[in-house]
Amino acid sequence: MQATIYTKFFLAALFLKSLIESVLEKRNLNHILKNKEVVPAKFSTQISLADHQKAANYSAEKIKVNQYFHFFDLVIFLAFTLGGGLEMLNLKALSFGKSEILTGLIFFGLLGIITSLLSLPQSLYFTFVIEEKYDFNKTTLKTFIADRLKGAALAIVLGGPIAYGILWIMEKLGNFWWLYAFIFLAVIQLLLVFIYPTFIAPLFNKFSPLEEGEVKEKILNLLNRCGFKSSGLFVMDASKRSGHGNAYFTGFGNNKRIVFYDTLINSLDSEEVEAVLAHELGHMKKKHILKGMIKGFIMSFLGFALIGYLKNNNLFMQGHGIQSITNYTVLTIFSMVAGVYTFFLTPLSAYFSRKYEYEADEFASQNAKASKLISALVKMYKDNASSLTPDPLYSKFYFSHPPALERVSYLEKFN
Ligand SMILES: [Zn+2]
């Protein structure tokens, strides 16, 4: 076998990634179980020992099951790449005897069908066994199947033309194809941000205007105080699928909507909802959403530039298991293995994300009551059965939000 240097590098990175993942998971599991018997002092008045133990059991069970699924995913991943799975799929796609672009679309289609079938057991197990056991699951089998079918239809209707566009650009636009492909995809992404709230999200959930009353009054006042305009306040029927609560913004410019999960509205009082929204407004005001988008575009630009550079490097492609180098196999192998290398950047992006969370909390404390944000967070930790005692190293590596104790201690400074 040729291309051993690249293969060795790839396998070393994959091994290191798997090692870090399993060591951290193990640490997290031990830490949660070790702290299972006592509610942390800060939360002892609001969270009962029974709830604390429920959270510990729920987290522990998810971690244990994930160990098996991670191993399964690793085997599948190796089978697709170095194992020659993508090569076999390519032969199948070629057997239809179509042009290169159409062969590429057939290849993507086959790959999509296989990967979604392979992810089915995992998704079924989490929804109908674990979430069910802890009373979070509200999804019926009918909703589950409908979601899958709608997802597949969306992948064909949206993903098909986008894939066609990129393959066409690669074939027709010469050496700088990667630059045009980046621009093409960036424009599509911006377009999707605009159409998502009005056309895509309603396919999966019902959105109804927030009812008149105390909550709405508080929110309108808050928006006014912060000088913020939105094109509507909506409640989403999240309870149709699960008991987990949340609030978020969608769209931007004049098409900006504020969406509350009905689960959130039902469990928080009006001042708590106000504090949660103030936190989300903080993300807007401190330009975190814009920064996130710019970061996404920079990553995408670098990714395309790298594919443009490596596309004709046969040794690199062969080193990752691709013998038949075509535009679509290059795109596929690149998107599959990129995660192995970018994994090592996880702590960095988690760090920045936590920094943004603190900034948004600070904003929330200036524009609403910090004590109400704390009580809202505690309710959400409780309702979501989030562990209050994750392993410190684990949370440093992965957490996009500060762990419960640190976050509440930070907010208490504003009281
Ligand atoms: Zn946040």
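Please treat every number below as a calculation from the coordinates, not as lab data. Keep in mind the model is a prediction, meaning the values are calculated, not measured. Counting neighbours? That spans all protein chains shown, and the Cβs are built from the backbone with ideal geometry, glycine included.
Observations, loosely collected:
- Counting 0.36 nm for each residue step from LEU302 to LEU78 and taking away their Cα separation leaves a gain of 78.1 nm.
- P(r) of the chain over all Cα-Cα pairs, binned every 10 Å from zero, in whole percent: 4, 17, 27, 28, 17, 6, 1, 0
- Relative contact order for region 181-323, counting Cα pairs under 8 Å that sit 6 or more residues apart, in percent: 22 percent
- Neighbour net charge for ILE106 - beta-carbon separation under 10 angstrom, K R +1, D E -1: +2
- Positive minus negative residues near ASN30 (Lys, Arg vs Asp, Glu; Cβ under 11 Å): +2
- In loop segments of region 19-48 as defined by DSSP, the GluC sites (Glu not before Pro) with at most 14 further C-beta atoms inside 10 Å of their C-beta are GLU37.
- For the pair region 127-162 / region 1-44, the C-alpha centres are spaced 28 Å from each other.
- Using a Förster distance of 45 Å, the FRET efficiency for LYS92-SER409 (Cβ separation, nearest 0.05): 0.20
- Theoretical gain in end-to-end length, ILE5 to ILE294 [0.36 nm per residue, Cα-Cα removed]: 100.6 nm
- Euclidean distance between Cα centres, region 176-192 to region 297-312, Å: 12 Å
- Rg to Rh, two decimals, where region 88-182 supplies the alpha carbon set and Rh follows Kirkwood: 1.14
- Measuring r between the beta carbons of GLN67 and ILE183 and using R0 = 51 Å, the FRET efficiency lands at 0.75.
- Using C-alpha pairs under 8 Å with a sequence gap of at least 6, the mean separation divided by the residue count of the chain gives a relative contact order of 24 percent.
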